[in-house]
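FYI, it's all coordinate maths here, none of it is from the lab. From a predicted model like this one, the values you see are computed outputs, not experimental measurements. Note: ideal-geometry Cβ built from the backbone for every residue, glycine included; neighbour counts use all protein chains shown.
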Amino acid sequence: MADTTLPRPRPSFLRRIDRVALAIALLLAAVALADPAQFLPTVDFAARALARTAPIILFATLALAWVKAAGAETLVGRAFQGPALPMIVFAALVGGLSPFCSCQVIPFIAALLAVGAPLAAVMAFWLSSPLMDPAMFLVTAGVLGLDFALAKTVFAVLIGIGGGLTVHLFSRTAVFASPLKADLAPRTCCGKVKNPFHGKPLWAFWREAPRRGIFAATARENILFLGKWLALAYVIEALMVTYVPAGLIAGVLGGEGFQPILLGAVLGAPAYLNGYAAVPLMDALLGQGMAPGAAMSFVVAGGMSSIPAAIAVWALVRPRVFAAYLGFAMAGALLSGLAWQFLA
């Protein structure tokens, strides 16, 4: 019998190009053409900023690779067992500290829901997880200061607890009844996850060759990921400092009151590139007069409602639960911005 299997088409040339690297090249090319005198200062600004952040990137990626190679997912899974209220609090704490990316969250949460984890604890984890992780904490503290990083971490956990408690209180209403979509087997680039309640981590991962491979691959991937996104952010920061009038930022997002905080939250979702890229951009905007509360509401709203984080929720639950998630995200961003405006 003749083989009728069609060969899989190779990705096109455009698909093989890294979009972040392409964006950096296009921005620098535009500067070289429109304002040649500013090309070298822009490159120098971005290179110096990236060099200052390099030690933080290296430490964060090595720590993240260690956690991944050790198989710490089982520790995270334990946050979803036990009485409801302690479970919600623990899930929010774990979400704010766990090193999951948005892609990895989808199969992990699918496994949790499939084995009976309550939606209230899952919601607490979902809300806090995209806002902070160990690598993001180090980058945020290094650029925006330790106080901003600590405050964002606290807000992430509180938002998770608030959302989880709300779901728990209204768990028998129509909004949260039968929350899962019919197909609870999403496909992602990270594959499927085993039962998260079983197994235990091996912290001395170097004793096993497969775990050493996971460590090396994770470290390499995250160094490239963080490096390219921060490079793009620093190039944009250099252009903002040069070409965006400080008075414009101060007039729209500066000053006291609720308006700049609301604008920061509303603009957070569409303008949010990436959790790491947002840090240098906030540094530039704060330097140009952005209100501290607006910066906090921007990063909180953007972190939870950006496309990668939102897809992790949309992939598994019905639209009404997804709408509740977005409502928690917006309310949490506004409250976080108001609190930080008062504290700062």
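Overview of results
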| item | result |
| --- | --- |
| Fully extended contour minus Cα-Cα distance, from Thr173 to Ala217, at 0.36 nm per residue | 11.4 nm |
| Relative packing of 148-158, 167-177, which averages over residues the other C-beta atoms within 10 Å, highest first | 148-158, 167-177 |
| Listed peptides 55-61, 126-132, 326-332 by packing density, highest first (mean Cβ within 10 Å) | 126-132, 326-332, 55-61 |
| Entries in Lys68/Lys228; Lys152/Lys200; Lys68/Lys152 that, when Cα-Cα distance is taken, lie over 26 Å | Lys152/Lys200 |
| Pairwise label distance in nanometres, Asp18 with Glu256, each label 7 Å out on the Cα-Cβ vector | 4.7 nm |
| Label-to-label distance, nm, for residues given as Val241 and Leu85 (7 Å Cα→Cβ offset) | 5.0 nm |
| FRET efficiency, 1/(1 + (r/R0)^6) with R0 41 Å, evaluated for Asp147 and Ala29 via beta carbons | 0.60 |
| Listed peptides 275-288, 254-267, 205-218 by packing density, highest first (mean Cβ within 10 Å) | 275-288, 254-267, 205-218 |
